[in-house]
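**Q** Sharing a structure with you now.
Just so you know, all these numbers are worked out from the coordinates, no wet-lab data involved. This one's a predicted model, so the numbers in the text were calculated from it and none came from an experiment. Heads up, the Cβs are rebuilt from the backbone with ideal geometry, glycines too, and the neighbour counts pull from every protein chain shown.
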Amino acid sequence: MIAAITYPLAERAAGAAKAVATAAASMGFSPNQVAAAADVAAFAVLDRRASAGRAIADVRKNLRRMLRAQGGAA
């Protein structure tokens, strides 16, 4: 549960979400999947489970893994 969200934390979460959305869109994912990936990254930062950089790296790694599983060349 997110007890208190500070403005800098919200800013970092928004930045992580934007970076992940850009990466997912450039990998060719559908808009729904792009939004879901952005939500995952933002929630990880807001829940303080990961820093913004770590959240971006983890989600991008999982997106590449999904592409490889589908036969893509990521």
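**Q** Give the stretch 25-74 a look and list any residue that's among the aromatic types (Phe, Trp, Tyr) and within 10 Å of the chain's Cα centre (by Cα), or say none.
**A** Within the stretch 25-74, just Phe43 meets the criteria.
**Q** Can you list residue pairs whose Cβ atoms sit under 9 Å apart, with the first residue in the stretch 19-48 being of a type in the set (Lys, Arg) and the second being in a loop (DSSP other than H, G, I, E, B)? Count only pairs 6 or more apart in sequence or on different chains.
**A** Filtered contacts from the stretch 19-48: Arg48/Ile2.
**Q** Here's another thing I want to ask about it. Can you name the condition, by its number, that Leu63 falls short on among (1) without any contact (Cβ under 8 Å) to a residue 24 or more places away in the chain; (2) buried (at least 18 other Cβ atoms within 10 Å of the Cβ); (3) not hydroxyl-bearing (Ser, Thr, Tyr)?
**A** Among (1) without any contact (Cβ under 8 Å) to a residue 24 or more places away in the chain; (2) buried (at least 18 other Cβ atoms within 10 Å of the Cβ); (3) not hydroxyl-bearing (Ser, Thr, Tyr), Leu63 violates only (1).
**Q** Which residues, taken from the stretch 8-34, are closer than 24 Å to Ala69 by Cα and exposed (fewer than 14 other Cβ atoms within 10 Å of the Cβ)?
**A** Thr22, Ser26, Gly28, Ser30, Pro31, Asn32
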